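Notes to accompany the following structure.
The values are calculated or read from the model by the stated rules, or taken from the named source; none is laboratory data. Keep in mind that what you see is a predicted model, and the values were worked out from it rather than measured. No Cβ is skipped: glycine too gets one built from the backbone with ideal geometry, and neighbour counts run over all protein chains shown. The protein model used for the area step is the full one, side chains on, heavy atoms only, and it has no ligands, DNA or RNA in it. Shrake-Rupley method; radii C 1.70, N 1.55, O 1.52, S 1.80 Å.
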Amino acid sequence: MTARSALRALFRRIIGIYFRDVEVVGDVPTASTSGRLLAANHVNALVDPILVLTSVPCDVSPLAKSTLWNIPGLRWLLDVANAVPIVRRRDDPNKDASKNEAIFDRVATHLSGGGNVLIFPEGTSHNEPHLIALRTGAGRMLARAYEAGARDLSFQAVALEFDARHVFRSRALVLYGPVRKVAELEASGDALVEAITLRMRDDLG
């Protein structure tokens, strides 16, 4: 068993203790899923990525805010999970735009090579009872991978719902939406980015 598989097994045990019941429904990715971007709503901080990563049999690399790597003990877990750090403007007001471009290229390369990623396109965890505006980063990553020649790319919305998200032994629902093929959008460049973002927003809604 690899360190990544062992970590996923450990997280499954933790989730099983924390929640009384976790229901996983919809078009759940299979072990052979590749080149897919999973886009989830974000209401429960660190619990959200764990729920998604433990509900699928395939490897998925989460994107996470870079400040999490500063938390003692968490850096190792993030590295084992092959997480990708994202530097947010609120965390670094002097952030160079080239940092985002490098991240977009890295994720696009990962997707082109058959890897899967998890992103929270709202950009932050929040307490609102509805989606907040989606960022375009997910669309840009997929568009770059597509323009680099990858043709089996897909994306999929993942809705996370909780009975009482801060209450021990509550219930959670992980709902996988329909799989969307990037090639079927028949667009390119900025138009493709916009088409992906709008479809993602509709599916998550």
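For this structure, a couple of remarks:
- Residues of the range 154-188 satisfying the condition of being open to solvent by 30 Å² or more (accessible area, probe 1.4 Å), closer than 20 Å to PRO49 by Cβ and not in a strand (DSSP E or B): ASP163, ALA164, ARG165, HIS166, VAL167, PHE168
- Restricting attention to the range 72-98 and to residues that are open to solvent by less than 50 Å² (accessible area, probe 1.4 Å) and assigned to a loop (DSSP other than H, G, I, E, B), the residue that is nearest to THR2 (Cα to Cα) turns out to be ALA81.
- Scanning the range 46-71 for residues that are within 25 Å of PHE155 (Cα to Cα), surrounded by 14 or more Cβ atoms within 10 Å (Cβ to Cβ) and not hydrophobic (A, V, I, L, M, F, W, C) returns ASP48, PRO49, THR54, SER55, ASP59, SER61, PRO62, LYS65, SER66.
Residues checked against (1) closer than 26 Å to GLY205 by Cβ; (2) assigned to a helix (DSSP H, G or I); (3) open to solvent by less than 70 Å² (accessible area, probe 1.4 Å); (4) of a type in the set (D, E, K, R):
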| residue | (1), (2), (3), (4) |
| --- | --- |
| PHE104 | yes, yes, yes, no |
| LEU111 | yes, yes, yes, no |
| GLU122 | yes, no, yes, yes |
| SER125 | yes, no, yes, no |
| LEU131 | yes, no, yes, no |
| ARG135 | yes, no, no, yes |
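- Residues (assigned to a loop (DSSP other than H, G, I, E, B) and surrounded by fewer than 16 Cβ atoms within 10 Å (Cβ to Cβ)) located in the range 13-27: ARG20, ASP27
- If the condition is being in contact with a helix residue (DSSP H, G or I) (Cβ under 7 Å, 6 or more places away or on another chain) and modelled with pLDDT of 90 or more, then the range 85-113 contributes ASP105, VAL107, ALA108, LEU111, SER112.
- Test for GLY139: is it in contact (Cβ under 8 Å) with a residue 60 or more places away in the chain and outside any helix (DSSP H, G or I): no
- Residue within the range 32-43 that is open to solvent by 30 Å² or more (accessible area, probe 1.4 Å), part of a loop (DSSP other than H, G, I, E, B) and touching a Gly at 6+ places or on another chain (Cβ under 6 Å) present: yes
- The range 174-190 residues that are closer than 22 Å to LEU160 by Cα, paired with ones that are in a helix (DSSP H, G or I) and acidic (Asp, Glu) (beta carbon under 9 Å, 6 or more apart): GLY177/ASP203; PRO178/ASP203; ARG180/ASP203
- GLU194 being at pLDDT below 95 and surrounded by 14 or more Cβ atoms within 10 Å (Cβ to Cβ): no
- Any hit, the range 183-194, residues being touching a Pro at 6+ places or on another chain (Cβ under 9 Å) and farther than 17 Å from LEU111 by Cα: no
- Criterion (at pLDDT 85 or above, over 25 Å from TYR146 (Cα atoms) and of a type outside the set (A, V, I, L, M)) met by exactly one of ASN70, ASN116: ASN70
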